[in-house]
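Down below is the structure, laid out as structure tokens.
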Amino acid sequence: MKGDMKMSKEAIFKQLSHAVFDGDDDLVVEAAEAAIKEGIDATEAIIEGLAAGMTKVGEYYEKQKYFLPEVIISAETFKQGIKILEPHLSKDIASPGTVLMGTVISDVHDIGKNIVIIMLSASGFKVIDLGKDVPPEAFVNKIKEVGKVDIVAMSALMTTSMMGMQDVVEALKKEGLRDKVKIMVGGAPVSQRFTDDIGADGYAGDAVEGVRVAKRLVGVQ
Amino acid sequence: MSTEQMTCKERVQAAVKYEDIDRLPVFKGYFSPARLVDRKMNYSFFTDAEAIAEACWQAWKYFDDDGIHLLDGGFMEEEFGADSIWPENNYPMINHILVTDHEAADALKEPDPYKDSVFTAILKATEILRKKAGDEVMVCGFINGTFNYAARLMGTENMMNYLATDPELVHKVCRKVADAQVRYAKAYGEAGIELIFMPDATSAPACISPKTYGKMALPYLKEAVKGFQDAGALAMYHPCGGEYPIIDQIGQTKADIYYFSELVELDVAQKIFVDRAAVAGTVNGSRELFLGTPEIVDEHVKGIIDRLKYRTGAIIMPGCGLSPNCKYENVKAMVDATKEYGKN
């Protein structure tokens, strides 16, 4: 926006999307502030601008046109835009569901989990991040505390730690919570067969697929 | 040639040069054999040279494969100044990220292999094993990849960010890591190591683009490989994670063996590198070796071997490192299947 030239809503959405896609922090601030100044609905700006940009990032990542550095930079820009627009939300964004996410116990690898969180957030999911090295009881306790969780999502990078996923499934069964949530898993050593073996509901090979699986599990397109 | 006419060492050396061999060589791969000597994989074990040597020796005897593999125990990060956590029966972890800016990168200590408490134990274990092994079998060591070490010092997510926003910081850390890798390799060489395994998942396409790989990682990986070879060891490089997009570039490292994950077909890799370098790996460490049965492993290994065009120039081994709680019977099945189906 140079000078006081008024921008159309569509142009601002396009700028927000481009800013995220290019990882351009300056542009995202400029476009997000313009959206507020023009009285554009913040919810719409997030969905049509920031999230649209992040969806394109996901598509590029899936096609191996983008790699982790590009995704992480875009994710930072996305967060920057959210920070500006969020206080101006007049209503909650309709969410497909709440996801409780963590890297299982004895595993400190969280970069994949963090990217899945960004992609899920950009798709409207509410995500509660339990962090890394998360024991089974932490998943159980958080569900009890929050009350309504739609999906428990777990990540593991090593065969050393992947059996921790089964421990979480067992802990949920023991506490009578298993039938109240869907369970999805992912990470380098995880496979569909392992997912079936431990009795989880969904497996995703990468972050973009993670969004598709999460949507399927909560019954939305 | 009939079965078992060569020593393990002769077999591996000949396979690397695409010479005639009695059968394909097989490596059990890299995992802690501590439980073979009733020990937990912890700091006490990693600093006990006699126990390491005994465990590695027992592992070679038990699995009856073609190499003695020193486990993933070197911990150069501590020598750079990182503080660490040593979980019971798991690999050590960095407690805090060490490098967050140029000042911190400049302040990194210079790791000295002869002061590293873990590595000095490994060097002593190497000497013990070399005496025991004689000319029968190679003693194989482990030095992590340049980007793997750098990521542990900077934090993987931060490092990915710096690659886009401050590549000079990544260069600065990699410069120090590559120099340290060469120093460690030299010390390994003096102890008699014959092969050095270098995994580098952080520079693979699962993390960075082929373009970034060529610009940011390849120059240091080349230096590390040359350092290993100058130390008198074969260099086995493992670009772990969706390797195909960089398969045209990895040959520039001039490693002796390219070790691939299950995401690469060993027969395809062999055709690419024929007469230039041996290829290794591709046995699925999770689906078959961790979750499968000996029968499943047998069929999987047979398939890999049957598809090979050349009955040399390839080493059968797990597609990546295995966890300490892997099923030994499945690893044994991989070795037995190679001996059965890899005969010439």
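Assorted remarks:
- Helices (runs of 4 or more DSSP H) (entirely within the range B:1-115) containing at least 2 residues that are touching a residue at least 40 places away in the same chain (Cβ under 8 Å) and not assigned by TED's automatic domain parsing to the domain that holds B:Glu288: B:43-46, B:49-63, B:76-80, B:102-106
- Enumerated strands (runs of 3 or more DSSP E) restricted to the range A:121-217, each holding at least 1 residues that are basic (Lys, Arg) and away from every other protein chain (no Cβ under 14 Å): A:126-129, A:182-186
- Criterion (under 20 Å from B:Thr202 (Cβ atoms), modelled with pLDDT under 95 and assigned by TED's automatic domain parsing to the domain that holds B:Thr202) met by exactly one of B:Gly242, B:Gly319: B:Gly242
- Output for the range B:121-147, where each listed residue is over 29 Å from B:Met216 (Cβ atoms), assigned to a helix (DSSP H, G or I) and in contact (Cβ under 8 Å) with a residue 12 or more places away in the chain: B:Ala121, B:Leu123, B:Lys124, B:Ala125, B:Thr126, B:Glu127, B:Ile128, B:Leu129, B:Arg130, B:Lys132, B:Ala133
- All positions within the range B:301-336 that are part of a helix (DSSP H, G or I), among the hydrophobic types (A, V, I, L, M, F, W, C) and either in contact with a Phe, Trp or Tyr (Cβ under 8 Å, 6 or more places away or on another chain) or farther than 22 Å from B:Cys140 by Cα (or both): B:Val301, B:Ile304, B:Ile305, B:Val331, B:Val335
- Elements of type helices (runs of 4 or more DSSP H) contained in the range A:1-81, each with 3 or more residues being among the hydroxyl-bearing types (Ser, Thr, Tyr), farther than 29 Å from B:Ala206 by Cα and within 14 Å of another protein chain (Cβ to nearest Cβ): none
- Criterion (over 23 Å from B:Asp83 (Cα atoms), touching a Leu at 6+ places or on another chain (Cβ under 9 Å) and either surrounded by 22 or more Cβ atoms within 10 Å (Cβ to Cβ) or within 14 Å of chain A (Cβ to nearest Cβ) (or both)) met by exactly one of B:Val177, B:Val139: B:Val139
- Condition check for A:Pro189: touching a Phe, Trp or Tyr at 6+ places or on another chain (Cβ under 8 Å), over 27 Å from A:Ile46 (Cβ atoms), touching a residue at least 24 places away in the same chain (Cβ under 8 Å) and not assigned by TED's automatic domain parsing to the domain that holds A:Ala51: yes
- The residue list A:Glu175, A:Glu137 contains one member that is charged (D, E, K, R), farther than 28 Å from B:Leu289 by Cβ, buried (at least 16 other Cβ atoms within 10 Å of the Cβ) and more than 16 Å from the chain's Cα centre (by Cα), which is A:Glu175.
- Among the candidates B:Ala164, B:Ala217, the residue that is closer than 24 Å to B:Glu77 by Cα, surrounded by fewer than 23 Cβ atoms within 10 Å (Cβ to Cβ) and within 14 Å of chain A (Cβ to nearest Cβ) is uniquely B:Ala164.
- Index of the failed condition, B:Ala150 passing every other in (1) on the phi < 0 side of the Ramachandran plot; (2) away from chain A (no Cβ under 14 Å); (3) among the small types (Gly, Ala, Ser): (2)
- Check on A:Glu48, farther than 16 Å from A:His88 by Cβ and either touching a Ser or Thr at 6+ places or on another chain (Cβ under 9 Å) or among the acidic types (Asp, Glu) (or both): no
- Number of the exception - A:Ser95 against (1) closer than 25 Å to A:Val71 by Cβ; (2) crowded, with 21+ Cβ neighbours inside 10 Å; (3) among the polar types (S, T, N, Q): (2)
- Matching entry among B:Ile316, B:Ile305, B:Ile296 (being more than 14 Å from every other protein chain (Cβ to nearest Cβ), of a type in the set (Val, Ile, Thr) and more than 22 Å from B:Leu70 (Cα to Cα)): B:Ile305
- Residues that are crowded, with 24+ Cβ neighbours inside 10 Å and away from every other protein chain (no Cβ under 14 Å), drawn from the range B:191-208: B:Ile193, B:Leu195, B:Ile196, B:Phe197, B:Met198, B:Asp200
- Screening B:Gly242 against (1) of a type outside the set (Asp, Glu); (2) buried (at least 18 other Cβ atoms within 10 Å of the Cβ); (3) farther than 16 Å from B:Ala178 by Cα leaves a single unmet condition, (2).
- Look at the range B:280-293: where a residue is more than 7 Å from chain A (Cβ to nearest Cβ) and surrounded by 23 or more Cβ atoms within 10 Å (Cβ to Cβ) and a partner is part of a strand (DSSP E or B) and of a type in the set (A, V, I, L, M), sitting 6+ places away or on another chain with Cβ atoms under 6 Å, you get B:Ala280/B:Ile257; B:Ala280/B:Ile315; B:Ala280/B:Met317; B:Gly281/B:Met317.
The values are calculated or read from the model by the stated rules, or taken from the named source; none is laboratory data. Only a predicted model underlies this, so the values are computations on that prediction, with no experimental measurement involved. Positions of Cβ are generated from backbone atoms using ideal geometry, with glycine treated the same way; all protein chains shown enter the neighbour counts.
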